[in-house]
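S.K.: Here's a structure for you.
The values are calculated or read from the model by the stated rules, or taken from the named source; none is laboratory data. This one's a predicted model, so the numbers in the text were calculated from it and none came from an experiment. Glycine gets a Cβ as well: all are built from the backbone with ideal geometry, and neighbour counts include every protein chain shown. These area figures cover heavy atoms from the full protein model, side chains too; ligands, DNA and RNA do not enter into them. Shrake-Rupley method; radii C 1.70, N 1.55, O 1.52, S 1.80 Å.
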Amino acid sequence: APYNAVFTTNGIACTTVRFIMAALGIRDPDAITSEEEARVLDVHILLSMFNALQPGVFALSGWDLAGITALDRKSVEELTAQGDTRWINRGAHDIMGTSPDAEVSSSGMPRARSLYGPLPEQLKNPDSYASRLQRILAVREENGIATGALLDVPDVSNRGLLVMVIRLESGALGVTVLNFSDQDIAGSIQSSHLVPGAAVHDLFSGDAVGQVDDLCSFFLELPAFQGTVLQLTEQEAAPEQAEGAQPGKDLP
């Protein structure tokens, strides 16, 4: 995209928001529509889900929190003159909204555009980036995702779909499902780690999604650029099964 820049050694100089805009085919960020802004936000949340809803460390920047766009190259041309184009993604930003009229930072960096606004305003809006991220991090903490173990990244039938099977801190199975495509996806999630008969619940809504069948799979529908994390609960053995179990054998 014309508003991003090639970096000399390892990739593209841009912010996350500008990377998403380029991926969505938005050519003129200054003429972005409200519908396009909403789509950028959905994709940004999806990327945050990818990082937060799997075991390991989660981190993000102030540029992410405020939805900061890259600077115009002319505004930092003295800094980029020797080839370090990364200055375009280092624009000044005001996370708390304490200096709304400032045009540069105390060090002289030009102020970059913020799509999402300061945190205090975002937290008043349940549909903002910060509010949606808050719910993602709550699910991550409540279910011990960070300290779990990644068991499987199974093959899928649609290349826009990513599935991660996780052993949660509690010992239960979790399944993170992310739709990176711009189309709604419906299909089966299958992994040898999924236990037939287990009930599947959405950890965000608490709703029942379905049940694992004998092929170690379950059916799921997911809208474009959306994701979720599910938990599997194994069903208790029926009394007649328990009575017929042999000593020293695990129950089904």
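S.K.: Among the numbered conditions (1) open to solvent by less than 60 Å² (accessible area, probe 1.4 Å); (2) within 20 Å of Asn125 (Cα to Cα), tell me where Pro100 comes up short.
M.R.: The number of the failed condition is (1).
S.K.: Scan segment 113-136 residue by residue and report those that are small (Gly, Ala, Ser) and either modelled with pLDDT under 95 or open to solvent by 40 Å² or more (accessible area, probe 1.4 Å) (or both).
M.R.: Ser114
S.K.: Further question on the same structure: Just give me the residues in segment 46-62 being buried (at least 21 other Cβ atoms within 10 Å of the Cβ) and touching a helix residue (DSSP H, G or I) at 6+ places or on another chain (Cβ under 7 Å), in sequence order.
M.R.: Selection gives Met49, Ala52, Leu53.
S.K.: Please find, among Asp42, Asp64, the residue that is in contact (Cβ under 8 Å) with a residue 24 or more places away in the chain, assigned to a helix (DSSP H, G or I), among the charged types (D, E, K, R) and farther than 21 Å from Asn10 by Cβ.
M.R.: Result of the check over Asp42, Asp64: Asp42.
S.K.: Any idea how many residues of segment 77-91 are of a type in the set (A, V, I, L, M, F, W, C) and surrounded by 21 or more Cβ atoms within 10 Å (Cβ to Cβ)?
M.R.: Within segment 77-91, residues that are of a type in the set (A, V, I, L, M, F, W, C) and surrounded by 21 or more Cβ atoms within 10 Å (Cβ to Cβ) number 2.
S.K.: Output yes when any residue across segment 128-140 is assigned to a strand (DSSP E or B), in contact (Cβ under 8 Å) with a residue 12 or more places away in the chain and under 18 Å from the mean Cα position of the chain (by Cα), and no when none is.
M.R.: No - not one qualifying residue is present in segment 128-140.
S.K.: Inside segment 212-228, can you point out the residues that are closer than 19 Å to Asp152 by Cα and open to solvent by 40 Å² or more (accessible area, probe 1.4 Å)?
M.R.: Asp213, Asp214, Leu215, Phe219 - these are the residues of segment 212-228 that are closer than 19 Å to Asp152 by Cα and open to solvent by 40 Å² or more (accessible area, probe 1.4 Å).
S.K.: Still on this model: Does Asp155 satisfy being within 16 Å of the chain's Cα centre (by Cα), open to solvent by 40 Å² or more (accessible area, probe 1.4 Å) and more than 15 Å from Thr228 (Cα to Cα)?
M.R.: no
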